[in-house]
Amino acid sequence: MGSAVTMEAVDELRSRARSKRLEGREEFLSALGEILSNYLQEYRLELDPERLNVFLVLGVNGVGKTTTIAKLAQYYRSDSTSDSEDVVLAAGDTFRAAAIDQLSLHGERLGIRTIKQAPGADPGAVIFDALESARSRGSRLVLADTAGRMHSKQNLVNELSKIDKIIRNRAADAAYKRILVIDATTGQNALRQAEIFHEAVGLDAVVLAKYDSTAKGGILVPIGKDLGIPCAFLGRGETYDSLVPFDTKTYVAELLGSDVT
């Protein structure tokens, strides 16, 4: 969780223990669970049935972003009564040929259409094509991949701001969400990533990938408390069906190693 948030939570727990005269492990865990729950926010990432939905999926290289996009595609396709034409993948990470190939492979395995261009192409053009394709075929969700590494922070901010502007202009009537994928094992680096991407485009929610690892993913606490960014999903495994909606009560119980929240 980081030292600052930890110290604040401990101070609040100490104050509550004195004022309420808490005794025993269970009472302390229950109080701490309440404190941490107040720092966290849930986000229900539901599709608008009346409009095109566009998710701009962000994240640095290596956090599991492309795989998370595939899991999101599976999640919303499974939730739909229609066929896979409902979902369109946009290979907007044109800086890495491997990213295009990886997303295309996921699309093939899931039977979902992937809009792509050659490596080095303008990412905005790829996403523009995906938006136009989705409208022409009546699709209801576009999942757009993005590059996670630029030459500098400012370069990253500028590129993402450009893509954000294209979506706002070409899909002004769409339900548009900006989703950051963070790795549960990266600790405080994830907080810095959230700060940078939030500055670039303004985040609606985060997805915590690799939550099935040994790390507890406590970084969600400062992201929620300090940045006010909620969590939408947890990635609990390697399969396409392993994405689950974030639930504060369950998360805090697992973080504390207790059923008491």
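The values are calculated or read from the model by the stated rules, or taken from the named source; none is laboratory data. Here the structure is a predicted model, which is why all the values come from computation and not from measurement. Backbone-built Cβ (ideal geometry, glycine too); neighbour counts: all protein chains shown. Remember, those area values only see protein heavy atoms, side chains included, never the ligands or the DNA or RNA. Shrake-Rupley method; radii C 1.70, N 1.55, O 1.52, S 1.80 Å.
Some notes on this structure:
- Residues that are outside any helix (DSSP H, G or I) and among the hydrophobic types (A, V, I, L, M, F, W, C) within the range 125-177 comprise 141, 142, 143, 144, 147, 150, 171, 172, 174, 175, listed in sequence order.
- All of (1) modelled with pLDDT under 95; (2) farther than 23 Å from residue 45 by Cα; (3) open to solvent by less than 60 Å² (accessible area, probe 1.4 Å) hold for residue 171 with one exception: (2).
- Failed criterion for residue 76 (all others in (1) modelled with pLDDT under 95; (2) open to solvent by less than 10 Å² (accessible area, probe 1.4 Å); (3) touching a helix residue (DSSP H, G or I) at 6+ places or on another chain (Cβ under 6 Å) hold): (3)
- The one condition in (1) modelled with pLDDT under 95; (2) more than 24 Å from residue 238 (Cβ to Cβ) that residue 40 fails to fulfil: (1)
- All positions within the range 1-53 that are in contact (Cβ under 8 Å) with a residue 24 or more places away in the chain, out of contact with any strand residue (DSSP E or B) (no Cβ under 8 Å at 6 or more places or on another chain) and open to solvent by 90 Å² or more (accessible area, probe 1.4 Å): 26, 49
- Of the residues in the range 177-189, at least one is farther than 24 Å from residue 2 by Cα, surrounded by fewer than 19 Cβ atoms within 10 Å (Cβ to Cβ) and in contact with a Phe, Trp or Tyr (Cβ under 9 Å, 6 or more places away or on another chain).
- Matching option when the condition is over 25 Å from residue 189 (Cβ atoms), touching an Asp or Glu at 6+ places or on another chain (Cβ under 7 Å) and either of a type outside the set (S, T, N, Q) or modelled with pLDDT of 95 or more (or both), among 16, 25, 51: 51
- Scanning the range 207-234 for residues that are assigned to a strand (DSSP E or B) and out of contact with any Ser or Thr (no Cβ under 6 Å at 6 or more places or on another chain) turns up 208, 231, 232, 233, 234.
- Any chance residue 107 is without any contact (Cβ under 8 Å) to a residue 40 or more places away in the chain, touching a Ser or Thr at 6+ places or on another chain (Cβ under 9 Å), over 27 Å from residue 187 (Cα atoms) and part of a loop (DSSP other than H, G, I, E, B): no
- Identity of the residue in the range 98-120, open to solvent by 20 Å² or more (accessible area, probe 1.4 Å) and among the hydrophobic types (A, V, I, L, M, F, W, C), that ends up farthest from residue 72 (Cα to Cα): 118
- Selection within the range 202-224: residues that are at pLDDT 90 or above and surrounded by fewer than 20 Cβ atoms within 10 Å (Cβ to Cβ). The member of this set that is nearest to residue 159 (Cα to Cα) is 202.
- Residue check for residue 131: closer than 18 Å to residue 60 by Cα and touching a strand residue (DSSP E or B) at 6+ places or on another chain (Cβ under 7 Å): no
- Residue check: residue 187 meets all listed conditions (1) modelled with pLDDT under 90; (2) in contact with a Pro (Cβ under 8 Å, 6 or more places away or on another chain) but one, namely (2).
- Residue within the range 68-89 that is of a type outside the set (Lys, Arg), closer than 30 Å to residue 147 by Cβ, in a loop (DSSP other than H, G, I, E, B) and within 18 Å of the chain's Cα centre (by Cα) present: no
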